Amino acid sequence: MSKLAPQILRFDSLPSTNLEAARRAVDGAPEGVCVVAAEQTAGRGRHQRQWISPKDAGLFFSIILRPQFEQSDWPLLTLMTAIAVHDALLEVCSLETDIKWPNDILVNEKKLCGILAETVETSLGRAVVVGIGINLTSKSFAPDLNGVVSSVEAATGKIPDAEVLLEALARVLMTHYQRLQHRGGPEVIVGEWSTRSSYATGKRIQVSEDNEHFSGVTRGLEPDGGLRVETNDGEIKVVRAGDVTLVRPAG
Ligand code: BTN
């Protein structure tokens, strides 16, 4: 498999890097094109939430992928992206992070980065835009979110060089993407995600999936990235689209 080099397009301001990357994918942009903006005026989060993106306060990044493997394995793209963010933050900021299933990056149980993968129909086939928002400074979120959200600055006392982090992230992401596509790649990605996440096994969590809510203990990942949860009556349920929250021990 030939090495895929990322091509980075930089903007001062965009409504959303995911939107711009999707537009370019529809126009035929190749895999590996990355869109980065200093600010977003209509940043998007999961579940139609807003992603606040003030100028230079975060890394707002999207990449176009055109995966050729089974679509049932595409959820692994977000796990792979979480691994890449984890590794880039460790390399550039010496910051050890945790991954909450499927792809929130945490420090001290506070969210530092979110990932939003969206599929887009293009003349070259269905593509995926993977968007990453990393809080670099404490200006990247409202002060009232202090208890649940963090930033690299808050966690390390230093504001990282966004350009250095961007270069590392794009490089590490492409490396993991290529590994995912090799024979046995899905097992490798599931294994690597599990070594970086305290949520993989033995974590007591609450799950909200559609209208269903239950709690249980995590029991590893399915080959497609679904999270196995053992409920209080011993049943194993597999979560594929729900929201997961930590259940804190009483006291
Ligand atoms: C989440 O809700 O956790 C996902 C947030 C994803 C935010 C990023 S910022 C760059 C890219 N562009 C967007 O509009 N959203 C993603």
Could you tell me the center-to-center distance, by alpha carbons, between the range 116-156 and the range 20-79 in angstrom? 9
What lysines does K237 reach when the alpha-carbon gap must be under 16 Å and sequence neighbours fewer than 8 apart in one chain are set aside? K203
Given Cβ charges of +1 for Lys and Arg and -1 for Asp and Glu, the option among L136, V26, I189 whose Cα lies farthest towards the positive end of the dipole of the chain is L136
Among the lysines, which have Cα under 30 Å from the Cα of K55 when same-chain residues fewer than 8 positions away are ignored? K100, K110, K111, K139, K158
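What helices in the chain pass both tests, a Cα length along the helix axis of 15 Å or more and a mean Kyte hydropathy of 1.0 or higher, using whole DSSP H runs?
Details: long enough: 75-93 (27 Å, 1.50); 162-181 (28 Å, 0.33); 185-196 (17 Å, -0.28).
Once both thresholds are applied, what remains is 75-93.
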Amide H of R219 versus every other amide H placed in the peptide plane: which residues, excluding those fewer than 5 positions away on the same chain, fall under 5 Å? G202, R228, V229, E230
Let me know the shape class of the range 29-74, please: from the alpha-carbon gyration tensor, a ≥ b ≥ c as square roots of the eigenvalues, rounded when a/c is under 1.5, otherwise prolate if a/b is greater than b/c, or oblate. oblate
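So for the range 92-251: antiparallel DSSP bridges make up what percent, rounded to the nearest 5?
Numbers: 35 of 36 bridges.
Counting only bridges with both partners in the range 92-251, antiparallel ones make up about 95 percent.
As a test of the formula, what do you get for the chain when each DSSP H run with n ≥ 4 contributes -39,500 (n - 2.57) and the sum is divided by the residue count, at 222 nm and rounded to the nearest 500 deg cm²/dmol?
On the way: 5 runs with 66 residues, N = 251.
Helix contribution divided over all residues of the chain: -8500 deg cm²/dmol.
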Once the mean of 1/r over all distinct C-alpha pairs in the range 199-251 is inverted, the Kirkwood radius in Å reads 11.0
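Please state the relative contact order of the range 1-85 as a whole percent: Cα pairs under 8 Å, 6+ residues apart?
28
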Debye calculation, C-alpha points only, no solvent: report log10 I(q)/I(0) for the chain at q = 0.11 Å⁻¹, in the same order as the q values. -0.57
Can you list the residues, at least 5 places off or on another chain, whose amide H is less than 5 Å from the amide H of K111, using H built in the peptide plane? V149, S150
Please state the charge dipole magnitude for the chain, taken about the Cα centre, from unit charges on C-beta atoms (+1 on K and R, -1 on D and E), reported in debye and rounded to the nearest 20. 140
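If the only charges are +1 at each Lys and Arg Cβ and -1 at each Asp and Glu Cβ, what is the size of the charge dipole of the range 71-136 around the Cα centre, to the nearest 20 debye?
Values: 4 positive and 9 negative charges, 31 e Å.
Around 140 debye, computed over the range 71-136.
Evaluate the range 7-154: find the radius of gyration of its Cα atoms, find its Kirkwood radius, and give the ratio Rg to Rh. Show your work: numbers first, answer last.
Working: Rg = 14.8 Å, Rh = 15.5 Å.
Ratio of gyration radius to Kirkwood radius: 0.96.
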With unit charges on the beta carbon (Lys/Arg positive, Asp/Glu negative), name the residue among S62, L77, I52 whose Cα is farthest towards the positive pole of the charge dipole of the range 30-89. I52
Using a Gaussian network model on the chain with a 10 Å cutoff between Cα atoms, which of D161, D87, D233 fluctuates the most? D233
The range 172-225 - Debye-derived log10 I(q)/I(0), Cα point model, q = 0.25, 0.31 Å⁻¹: -0.95, -1.17
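Report in % the part of the accessible area of the range 1-67 that belongs to carbon and sulfur, leaving out ligands and nucleic acids; probe 1.4 Å.
On the way: 1760 of 3330 Å².
After summing per-atom areas, the C and S share lands at 53 percent.
Can you tell me, using C-alpha contacts under 8 Å and at least 6 residues apart, the relative contact order of the chain as a whole percent?
Details: 526 pairs, mean separation 42.5, N = 251.
The normalised contact order for the chain reaches 17 percent.
The values are calculated or read from the model by the stated rules, or taken from the named source; none is laboratory data. Predicted model only: the values in this text are computed from it and were never measured. As a convention, Cβ positions derive from the backbone with ideal geometry for all residues, glycine included, and neighbour counts pool all protein chains shown. Calculation scope for accessible area: heavy atoms of the full protein, side chains included, ligands and nucleic acids excluded. Shrake-Rupley method; radii C 1.70, N 1.55, O 1.52, S 1.80 Å.
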